[in-house]
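Asks: Let me give you the structure first, and then I'll get to my questions.
The values are calculated or read from the model by the stated rules, or taken from the named source; none is laboratory data. Small disclaimer: the values here were computed from a predicted structure and weren't measured. Cβ placement follows ideal geometry from the backbone for every residue including glycine, while neighbour counts extend to all protein chains displayed.
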Amino acid sequence: MLDLRDIDAACAEARRCVSELGFVGVFLRPNLVEGKPLFDEKYEPLWATIEELGVPISFHEGSKVLAPQVGPPQLGNRWAMWHVCTHAHEQQIAMVAMVMGGVLERHPHLRCGFLECGCGWLPYWLWRMDEHAEPDRWSYQLAEPAAPLRLRPSEYVLRQCYVSLESDEGPGRWAVESTRGKNIVWASDFPHVDAIFPGAVKTLFELEGIDRSSLALILRDNPLEFYGSALREAVRGPAYR
C-alpha cells in the first residue's frame, strides 16, 4: 500500500517492494488525497514508476477514512447504507479519473484493477464514459474539459483495466458478456464478515449465465495476465509445485 501524500517516497517504496521483496503489485485507496485527483500531474512520477516496474495498481475501497468518501457524509452512521455506495462509487470515480483524466493515455502499459466492488456496473459505466467523451458534446459547459483522448474511454478500460466478480453477483454476467470475460477477476472477499465462506467457489460456479470457459478466464488466465510476468514466474516456482 502506497502513501499518495509523498510521491517520491511512494516511488521508492514501490521499487523496493517489487525489486527487493518480489511483490507483484501495488495497492492504492481510490479516495481523494489532499484535494488532488488521480490525474493530477503530481502523480505522474508514480504512474511512470509503476509502469516501468511492470506491475499493476489495485484500487480497493474500505471503511471510513480521514479523507473525502462517498456515502458517510450524506447517509450518516448508517453503515449498510453508506457501504452500498462507498465501494462501487469510489471505484467508479477512480476509473473515470484514470481513463478520462488521461492517465492511461499517457501510460499505455499501466494496468489498473478496481477490485472488491463488484462488476455488474461496468457495462453502464463504459457507455456513460463514452457518451461523455463525444467531441463537443459538452462544449456549452463553462468547465474544464476532460483530457484529450485518442481512443474511446471504453477502449482504454478493455485494454488496461480489470474489475472483480463477487461469488454471488448475479448482475456480473452482463460485465462478463460485455468484455467476453477478458477483464474480470474473482474477489472472494475472505475473511470479511459478508464473505461467502465456506462454499465461495461453489457459489461462483452456480451463477447463471457464466459458462465454464469464462470462469477459466476469471479464475486463472485473467489474474495471470493482470499481475503479469512476476506472478507467472511465482506460480512456476518450486513453492507452487
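Asks: From Glu90, Glu61, grab the single residue that is of a type in the set (D, E, K, R), assigned to a loop (DSSP other than H, G, I, E, B) and buried (at least 18 other Cβ atoms within 10 Å of the Cβ).
Replies: Numbers: Glu90 fails: assigned to a loop (DSSP other than H, G, I, E, B).
Selected residue: Glu61, the only one of Glu90, Glu61 that is of a type in the set (D, E, K, R), assigned to a loop (DSSP other than H, G, I, E, B) and buried (at least 18 other Cβ atoms within 10 Å of the Cβ).
Asks: Of all residues in region 1-22, which are touching a residue at least 24 places away in the same chain (Cβ under 8 Å), surrounded by 16 or more Cβ atoms within 10 Å (Cβ to Cβ) and not aliphatic (A, V, I, L, M)?
Replies: Listed by number, the list holds a single entry, Cys11.
Asks: State yes or no: is Trp47 among the aromatic types (Phe, Trp, Tyr) and either part of a loop (DSSP other than H, G, I, E, B) or in contact (Cβ under 8 Å) with a residue 40 or more places away in the chain (or both)?
Replies: The answer is yes for Trp47.
Asks: Does region 95-109 include one or more residues that are assigned to a helix (DSSP H, G or I), out of contact with any strand residue (DSSP E or B) (no Cβ under 7 Å at 6 or more places or on another chain) and within 21 Å of Leu165 (Cα to Cα)?
Replies: yes
Asks: Which condition does Phe27 not pass, out of (1) under 15 Å from the mean Cα position of the chain (by Cα); (2) under 26 Å from Pro123 (Cα atoms); (3) surrounded by 15 or more Cβ atoms within 10 Å (Cβ to Cβ); (4) modelled with pLDDT of 95 or more, if it passes all the others?
Replies: Only one criterion is unmet by Phe27, namely (3).
Yes/no matrix, rows are residues, columns are (1) over 14 Å from the mean Cα position of the chain (by Cα); (2) within 23 Å of Ser164 (Cβ to Cβ):
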| site | (1), (2) |
| --- | --- |
| Leu38 | no, yes |
| Pro45 | yes, no |
| Ala48 | yes, no |
| Glu51 | yes, yes |
| Ser63 | yes, yes |
| Ala67 | yes, yes |
| His83 | yes, yes |
| Glu90 | no, yes |
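Asks: Got a number for residues in region 159-176 being closer than 8 Å to Gly120 by Cβ, buried (at least 18 other Cβ atoms within 10 Å of the Cβ) and either modelled with pLDDT under 95 or among the small types (Gly, Ala, Ser) (or both)?
Replies: So the answer is 2.
Asks: Suppose we keep only residues that are outside any helix (DSSP H, G or I) and touching a residue at least 24 places away in the same chain (Cβ under 8 Å) within region 200-219. Which one would you say is surrounded by the fewest Cβ atoms within 10 Å (Cβ to Cβ)?
Replies: Applying the filter and picking the extreme gives Glu208.
Asks: Of the residues that make up region 229-238, is at least one assigned to a loop (DSSP other than H, G, I, E, B), at pLDDT below 95 and of a type in the set (Val, Ile, Thr)?
Replies: No, the conditions are met nowhere in region 229-238.
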